[in-house]
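Since the structure comes first, as structure tokens, the remarks are kept for the end.
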Amino acid sequence: MSSINQNLEKDERFGIPEGVERVLVVTAHPDDVDFGAGGTIATLTELGISVSYCICTDGDAGGFDDETDRAQIPAIRRAEQIAAGKVLGVSDINFLGYKDGYLEPSHDVQKDIVQIMRKVKPQLVITQTPERNWERLPATHPDHMAAGEATTRALYPAVRNPYAYSDLRLKEGLEAWTVSWLWLQGDANPNHWLDVTSKFDQKIQAISAHASQVSHLDDLAGMVREWQKLAASRAGLPEGTLAEGFRQIKLPD
Ligand SMILES: [Zn+2]
């Protein structure tokens, strides 16, 4: 069990494990990273840590009105994710283009994620929990669990095994890579929290870039603030603090 407080004593880097220089975030939909980890991403990039995204679907089942031409949604959502990334200091954004609502942890998806992991060479991977969270069902949308499961399978064993998806190595020269840390967002049992109070406005600005998803919400900031207050109280942080929580897993060496 670790918390921001314990980590701050050991680690000046705000709860970020030592040796982390590159981070890869894998999510199902455009906007998932901004809702679940926007404050964390802003913290990482401010510390000079390089962050890349892999977005599995184009979020083409999203939106809230019939006015927008559905055929335009993938392009709109990609552009919104690129704009949100800019707010948080992220420019390396990889879109896999799978169909929203149909994501499965298939070998095609796993291989695509392994390919990006081997290019990015992250020490830390952030993804969505592959386990059902009964307290917050929307956090474990089937696509979210599929993205988390495909990422976990990619982490162990495929990305570290040179003989898994061997054409990645033989044809593309992408060598095996071992990732040290996994953080799961949306998990029912978080064990690691970051104090992201100072990043709140930046996070709201990043979420707001997803106008096709959130522009109809009356009190987006109030809703997100409540979630982050809850996370802070669960972490045992002082009142008034805003936090983001993850389940942190140390992967085998
Ligand atoms: Zn989502």
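Odds and ends about this structure:
- 181, 227, reordered so the largest accessible area comes first (probe 1.4 Å): 227, 181
- Region 137-190, dipole about Cα centre (Lys/Arg Cβ +1, Asp/Glu Cβ -1), debye to the nearest 20: 160
- When the Cα positions of 55, 222, 109 are compared along the charge dipole of the chain, 109 comes out farthest toward the positive end, with charges on each C-beta of Lys, Arg, Asp and Glu.
- Solvent exposure ordering (accessible area, 1.4 Å, most first) of 165, 53: 165, 53
- Note on the chain: with a GNM built from Cα contacts shorter than 10 Å, the maximum mean-square fluctuation among 95, 64, 35 falls on 64.
- Taking 18 Å as the cut-off, the amide N atoms of region 62-98 that come nearer than this to a point 7 Å along the Cα-to-beta-carbon line of residue 216 belong to 62-74, 76-77.
- The mean accessible area for residues of the chain, using a 1.4 Å probe and ignoring ligands and nucleic acids, is 46 Å² per residue.
- Extension gain from residue 201 to residue 18, taking 0.36 nm per residue of separation minus the Cα-Cα distance: 63.2 nm
- Each Lys and Arg adds +1 at its Cβ and each Asp and Glu adds -1 at its Cβ; summed about the Cα centre, region 182-227 shows a dipole of about 140 debye.
- Sites residue 178 and residue 229 - FRET efficiency at Förster radius 35 Å, r taken between beta-carbons, to 0.05: 0.45
- Within the listed set 216, 29, 144, the Gaussian network model of the chain (springs between alpha-carbon atoms below 10 Å) gives the highest mean-square fluctuation for 216.
- GNM result for the chain, Cα springs below 10 Å: residue of 222, 38, 148 fluctuating most strongly: 222
- Counting only DSSP H runs of at least 4 residues, each contributing -39500 (n - 2.57), and dividing by the residue count of the chain, the helix-based mean residue ellipticity at 222 nm comes to -12000 deg cm²/dmol.
- Alpha-carbon centroid distance for the pair region 163-225 / region 77-104, whole angstrom: 10
- Loop GluC sites (Glu not before Pro), region 104-203, which have at most 12 other Cβ atoms in a 10 Å radius of their Cβ (DSSP): 135, 172, 175
- Lys, Arg +1 and Asp, Glu -1 on Cβ, resulting dipole of region 73-152 about Cα centre, debye, nearest 20: 320
- Overall form of region 52-211: prolate. Here a/c, set by the Cα gyration tensor axes a ≥ b ≥ c, is 1.5 or more, and a/b is the larger of a/b and b/c.
- With every protein chain in place, region 33-180: carbon and sulfur % of accessible area (1.4 Å): 51
- For a modelled paramagnetic label at residue 136, 7 Å from Cα along Cα-to-Cβ, the residues of region 16-56 in reach, with backbone nitrogen under 14 Å, are 32-40.
The values are calculated or read from the model by the stated rules, or taken from the named source; none is laboratory data. Owing to the predicted nature of the structure, the values given are computational and were not obtained by experimental measurement. Backbone-built Cβ (ideal geometry, glycine too); neighbour counts: all protein chains shown. Side chains included, ligands, DNA and RNA excluded: accessible areas come from the protein's heavy atoms. Shrake-Rupley method; radii C 1.70, N 1.55, O 1.52, S 1.80 Å.
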